[in-house]
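Working notes, structure below.
The values are calculated or read from the model by the stated rules, or taken from the named source; none is laboratory data. Note that this is a predicted model, so its numbers are computed, not measured. Here the Cβ positions follow ideal geometry from the backbone for every residue, glycine too, while neighbour counts run over all protein chains shown.
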Number of protein chains: 2
Amino acid sequence: MDIQSENRCFGGVQGVYTHASATCKCDMTFGLFLPEEAKDGPVPLLWYLSGLTCTHENAMTKAGAQAWAAEEGIALVFPDTSPRGAEVADDEAYDLGKGAGFYVNATQSPWAPHFSMWDYVATELPALLGETFALDMERQAITGHSMGGHGALTLAMGLPGRFRSVSAFAPIANPTASDWGRKQLSAYLGDDETAWAPHDATLLMEANGFDGPILTDTGTADQFIDLLRPEALANAVAKRRQQAVLRLQPGYDHSYFFVASFMEDHVRFHADHLMA
Amino acid sequence: MDIQSENRCFGGVQGVYTHASATCKCDMTFGLFLPEEAKDGPVPLLWYLSGLTCTHENAMTKAGAQAWAAEEGIALVFPDTSPRGAEVADDEAYDLGKGAGFYVNATQSPWAPHFSMWDYVATELPALLGETFALDMERQAITGHSMGGHGALTLAMGLPGRFRSVSAFAPIANPTASDWGRKQLSAYLGDDETAWAPHDATLLMEANGFDGPILTDTGTADQFIDLLRPEALANAVAKRRQQAVLRLQPGYDHSYFFVASFMEDHVRFHADHLMA
């Protein structure tokens, strides 16, 4: 594993690391914030999954999460959103290919086998993190923004017992019924929609829900809200009587200014469950 | 004035605006954060001047200042660091020309008349802000990073009575004795070093000091610390018995991770004097 950078940050260290990924069959880069407490022993870990067009870097530099994670003594990991490199397929559209892995394991050409972001985030990266850093992998939580909110919700529900709590900023909540979803799930997984269901937070909520608390924030002025379909997830949450707080925030849009505005609430929400 | 964007942010609005600058003789863009309180009347204003290579955007997206400004009810303005546009001279080096205005009024070719960042920040932009937005221009403070820390300190000392308080992150503290300074002051102002003195925080401190409190932070692991010369300013501050808090922060470097780590302290420091 190569250290790209390590910067002192809120008393801890914001690092960027690159490793050869057996899952994605390319080099992968991630950001990791370790609070000061990690010097004395393992700390809990909050995953932050990013949205379309992002790398590991966007949220690490723009979401303002380290301030609150440092206060709570929680580590943050910022994975990339897709495989990378010259040998990896891409598409001219911003919402397919590089920067748009959608947290699934592609089965279709030309995306398989590199586009295996589910396995990367669910299996390979946690194993690497647990072996390498002072992290208590028994205390994990997950959040994300937009496509990453979709990833957070689907991984949390798809891996029961893994995450104590899940939250999301403006998640793509019902991709099987959205142009942010149908296009990508079809490209990566093929046309058989039964393969899509494990990657739709609303369908997962209808099927099984989540064994823990959920927090979501979506801006009422989000320019993509019709693609996000928060109403579908809200309906499913309410039907299931799922423990959850679903917030519609007046006037906020889809930007990192929105994410940063509510980051403290999300980190403290997870801290309540990680530090208990 | 053109609105480039307005995003709801921490209950207020983060805007980006472009206007025709008579001073710089080109279009200039700045960021302005207005807290929620600005809806009810004028609020105090904290200037943030950015460093080499930056535009109005870097600190606006990476310094995390809005969180604290919103709590305190203070506006933030993020000016650009130089004139812009095809008609504006530039240099191949990152530290001269565009992105490197050094907050002076250039007198030398090819930099004059566009490179007039002192007058832009001292005169034109405050007039525009005061006319256009709900800002209490009787309550201003100033901060900045690196070259912007130089700008903040020199403007604060060069405009007595304008700013109630001044702070800086890793400021270029003694440019007349540094490669971050001699090259630029020579290019912009010519070889007569008497013209440089009003643009050196250490020399200004020796001459007159500042009629108010000063806060500076510099990382002990700052990779540019030999160019910043915090020791020269510290010496001058102590000699003058200037009211000041000069902090050397162990292990921090020159990055925005350093800036973000101490932003809360700086905003609260200014708030103590702006809200009094």
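In segment A:45-85, the qualifying residues are those that are more than 13 Å from every other protein chain (Cβ to nearest Cβ) and of a type in the set (A, V, I, L, M), and the one that is surrounded by the most Cβ atoms within 10 Å (Cβ to Cβ) is A:LEU49.
Would segment B:135-142 turn up any residue that is surrounded by 17 or more Cβ atoms within 10 Å (Cβ to Cβ), of a type outside the set (Lys, Arg) and farther than 25 Å from B:ARG229 by Cα? Yes - at least one qualifying residue is present in segment B:135-142. Across segment A:212-259, the number of residues qualifying as among the hydrophobic types (A, V, I, L, M, F, W, C), in contact with a Lys or Arg (Cβ under 9 Å, 6 or more places away or on another chain) and part of a helix (DSSP H, G or I) comes to 3. For segment B:124-133, check the following and say yes or no: at least one residue is part of a helix (DSSP H, G or I), crowded, with 18+ Cβ neighbours inside 10 Å and free of Cβ contacts under 8 Å to residues at least 40 places away in the same chain. Among the residues of segment B:124-133, at least one is part of a helix (DSSP H, G or I), crowded, with 18+ Cβ neighbours inside 10 Å and free of Cβ contacts under 8 Å to residues at least 40 places away in the same chain, which makes the answer yes.
Consider B:LEU233 carefully, then state whether it is over 28 Å from B:ALA112 (Cβ atoms), among the aliphatic types (A, V, I, L, M) and away from chain A (no Cβ under 14 Å). Spelling it out, B:LEU233 is indeed over 28 Å from B:ALA112 (Cβ atoms), among the aliphatic types (A, V, I, L, M) and away from chain A (no Cβ under 14 Å). Residue selection: A:SER165 satisfies the criterion of being touching a Pro at 6+ places or on another chain (Cβ under 7 Å) and of a type in the set (Gly, Ala, Ser). Here segment B:1-14 is the region considered, the condition is being among the aliphatic types (A, V, I, L, M) and assigned to a strand (DSSP E or B), and the residue that is farthest from the other protein chains (Cβ to nearest Cβ) is B:ILE3. Looking for something surrounded by fewer than 24 Cβ atoms within 10 Å (Cβ to Cβ), part of a strand (DSSP E or B) and within 14 Å of another protein chain (Cβ to nearest Cβ) - is there at least one such residue anywhere in segment B:15-28? Checked against the condition, which is being surrounded by fewer than 24 Cβ atoms within 10 Å (Cβ to Cβ), part of a strand (DSSP E or B) and within 14 Å of another protein chain (Cβ to nearest Cβ), segment B:15-28 yields at least one hit. When we screen B:GLY149, B:GLY190, B:GLY158, B:GLY181 for residues that are small (Gly, Ala, Ser), at pLDDT 95 or above and touching a Phe, Trp or Tyr at 6+ places or on another chain (Cβ under 7 Å), the only hit is B:GLY149. Considered as a group, the residues in segment A:235-275 that are hydrophobic (A, V, I, L, M, F, W, C) and free of Cβ contacts under 8 Å to residues at least 24 places away in the same chain include one that is surrounded by the most Cβ atoms within 10 Å (Cβ to Cβ), and that residue is A:PHE257.
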